[in-house]
Every structure is written in structure tokens, then in C-alpha cells.
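What follows is one structure encoded as C-alpha cells, with my remarks underneath.
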Amino acid sequence: MKKTFISASVASVLALASFGALAEGPSFYGRLELATTYTDTGATLQSGTNGVDTKNYADENNGGTYLENNFSLLGVKGSEKIAAGYDIVYQMEFQVENTSGAGEVFKARNTYLGLKTDAGTVLVGRNDTVFKQAEGAVDVFGNTNADIDRLVGAQGGEGRSADGVWYYSPKIADLITLNTTYLIADNDEGTVNGNKVDGSRYAASATLGDSKFKDQNYYFAVAYNKGIALVDAYRVVGQVKLGDFKVGGLFQNTEDALNNDLDGNSYFVNVVYALSNGVNLKAEYGADDSGFGSYYNNITDKKRGTDINVQNFNVGADYRLAKSTMVYGQYAMYRGDHVVAGNKVDLQDDNVFSVGVRYDF
């Protein structure tokens, strides 16, 4: 029944989008992104990848070659003026998993209804937290198996949260925005995954510059997450464009909201160089001692040690065949160690090679 309902909902969205193509109103969009990946362990594969035993990463039986779906999606979005200075804004987006035999065909993504005024924009529904959005475009391997959540940790406020309210200020002095996410506590009955959460859960951020480098050639952000996804975290983000180079980095401190003895720091730095022929070359180095990233959690089957030390190195290149179509290749390396029962234990290395194609419409 659930899948039938979701399928009917998506069909309704597509029908609405088709109507919008004939009249002023909603715009229909989507993405198909597939990659062929070889991995030593499978610990950094997309979670919906078919054939991956998520309970046995450490046993090496997930090594091999896979087809990955890197968050293919369908959506509709738009806005409508309802009075002078007041616009309704909306979006309905669904992740599409039917290139794989694993999991549900459709999954929830950003879906909200909001109001845009001269005083700012308010959204209600499901959306990326402003903590996540503060990363801007610094995650140069985003949505792949080299995404920063393999190192920094999706639970560090990175999640796409539901039952929330978002506020985005107008751009102050054409430079600064102030943003907040607040989750309605009663929708969770005070718990997350059965764990008690005390107090309000919210995120806040301030950004400076332009992450798309259209108005300014720099972008900086600070953000704080309180209790969302069971962590307290803060991050500092920066990226600048210097001629054909883009240089960026992120630092994050993450603490378990239920156990403040579990905390640590993560950081990464990267560079992108745009060749004259349209190829973008990318390189990134990162390190983590918090143990909240998905590589560490998967490779240890969530059996935490102490003195965690994880390192990550990524290189890759991408090229747009057309405005709609991009091809890419990349290599990611994960390694590290931790202490268990007083003994230093090396983590299993993961070497990951991927080639993929992305098509936007």
C-alpha cells in the first residue's frame, strides 16, 4: 500500500509538471546519475546499492564491482505571487532507486511549502538543515562514494530533516545571510530512533559571499547544530576562486548529544583546477578523529574504539559533454586506526575507483 501511494503521488507530480509546461507555474526537473565502482570493502558504497551486506563490511565480502545510483531524483518546484511582496514557494522532490533491486523505488527528499517576503523566506516541511547547506559547493565530490559524509559524518547535522521550519534572511549588504532550522519536537514524541532527546533541536548558520561565485569570488560560512540527528556540532567553511583554481576547506567538531564523552574533529581541504578544454581536475585530503563518518562506522560495524584516526585522499576529473551531461572518474582512499582494549588496531583500507555519468533535465 505504501509503495502504491508513493507511486501515485509521484504520478500526480509528473502530471502537474506536464500541465506547468503549458502554462506559467511549476517546473519539472530531474537527474539520473549512475556510476560503475570497484571497492576493496564496500564500506563507502551508497547505502542503497544492491548486493551489499551492510552488517559485514569488515569481513571483506563486500569487495568487488558494483553499479551505484548516486541519488537520481525527480521533482517539481515553483513560486507564485499572491500579493505585492509576497510569493508562495514550493518544492516536491523524490529520490528514485529503480536502477537497483534494493530498497523502495521512491524515497523522500526536500519537500516543503513556504512564503517569500522582503523580510526573508520561511519554509515548512522537509529540507536539508541549514547546517548542511552551509557547506555551499565545497564538497567537490558530493553525492558520490567520496562525499564528505564518509569522513565528516551525515549525523553531524548533515541530515535532511522533516517536520521543521526554516528561515532564510534577505542578503544583507548583498553579502551576508542568516539562516535557521527548527524541528517541531512533538512530531518526534521527544525521541530519535528510540533515544530520548531533551530540549529543542535546531541549527543556525551565517554565510558570507556567494557559493556559486557569480557575485563574489569567495564564500565563507559558520554553522551550529543542536540535537538534530542526536549530535551537537559546529563547522567553519571556506572556498575561494583564484583564476582557474578553486580552493576550499571545512573544519567540524562533532559531539554525541546523548553522550558528551564521544566527540572529535574532522577537516578536509581541496582544490579544483579548470583546464582550458573544459576538464576539471580535483584533489582532496581529509582527516577525522571523531568516528562519526560512515567509513569508520561501517568498517568497524559501529564498534567504536578510542584514539580514532581516519585519513582520506580523493582525486578525480569531470567533463561536461553538454550542459545536461557530465562524465567523471575518481579514486578515493580511506585508511586509519583506533585503539581497542588498549591495543592499536589498523582499520581495513578501502580503495575505491569510480566512473560515472550524470544527466540533468
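The values are calculated or read from the model by the stated rules, or taken from the named source; none is laboratory data. All figures in this text were calculated on a predicted structure; none of them were measured in a lab. Every residue, glycine as well, gets a Cβ built from its backbone with ideal geometry; the counts of neighbours run over all protein chains shown.
Numbers below:
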{"read-out": "Any hit, the stretch 195-211, residues being touching a strand residue (DSSP E or B) at 6+ places or on another chain (Cβ under 9 Å), surrounded by fewer than 18 Cβ atoms within 10 Å (Cβ to Cβ) and part of a loop (DSSP other than H, G, I, E, B)", "value": "yes"}
{"read-out": "All positions within the stretch 164-181 that are assigned to a strand (DSSP E or B), at pLDDT 95 or above and in contact with a strand residue (DSSP E or B) (Cβ under 6 Å, 6 or more places away or on another chain)", "value": "V165, W166, Y167, Y168, I176, T177, L178, N179, T180, T181"}
{"read-out": "Residue list for the stretch 230-250, restricted to those being within 25 Å of L183 (Cβ to Cβ), of a type outside the set (S, T, Y) and surrounded by fewer than 22 Cβ atoms within 10 Å (Cβ to Cβ)", "value": "L230, D232, V236"}
{"read-out": "Any hit, the stretch 290-299, residues being loosely packed, with under 15 Cβ neighbours inside 10 Å, more than 19 Å from the chain's Cα centre (by Cα) and either not in a strand (DSSP E or B) or not basic (K, R) (or both)", "value": "no"}
{"read-out": "Verdict on M333 being surrounded by 14 or more Cβ atoms within 10 Å (Cβ to Cβ), in a strand (DSSP E or B) and without any contact (Cβ under 8 Å) to a residue 24 or more places away in the chain", "value": "yes"}
{"read-out": "The stretch 236-266, residues that are part of a loop (DSSP other than H, G, I, E, B) and either of a type in the set (D, E, K, R) or touching a Gly at 6+ places or on another chain (Cβ under 7 Å) (or both)", "value": "D244, A257, D261"}
{"read-out": "Looking only at the stretch 40-99, and only at residues there that are assigned to a loop (DSSP other than H, G, I, E, B), surrounded by 13 or more Cβ atoms within 10 Å (Cβ to Cβ) and small (G, A, S), the one that is modelled with the lowest pLDDT", "value": "G48"}
{"read-out": "Flag if S161 is modelled with pLDDT under 95 and in contact with a strand residue (DSSP E or B) (Cβ under 7 Å, 6 or more places away or on another chain)", "value": "yes"}
{"read-out": "Identity of the residue in the stretch 263-282, of a type in the set (A, V, I, L, M, F, W, C) and surrounded by fewer than 16 Cβ atoms within 10 Å (Cβ to Cβ), that ends up nearest to R320 (Cα to Cα)", "value": "V279"}
{"read-out": "Residue check for T121: of a type in the set (S, T, Y), surrounded by 20 or more Cβ atoms within 10 Å (Cβ to Cβ) and not in a loop (DSSP other than H, G, I, E, B)", "value": "no"}
{"read-out": "Subset of the stretch 300-330 (residues that are crowded, with 20+ Cβ neighbours inside 10 Å and free of Cβ contacts under 8 Å to residues at least 24 places away in the same chain)", "value": "none"}
{"read-out": "Which numbered condition K212 misses (of (1) at pLDDT 95 or above; (2) within 29 Å of G291 (Cα to Cα); (3) of a type in the set (K, R))", "value": "(2)"}
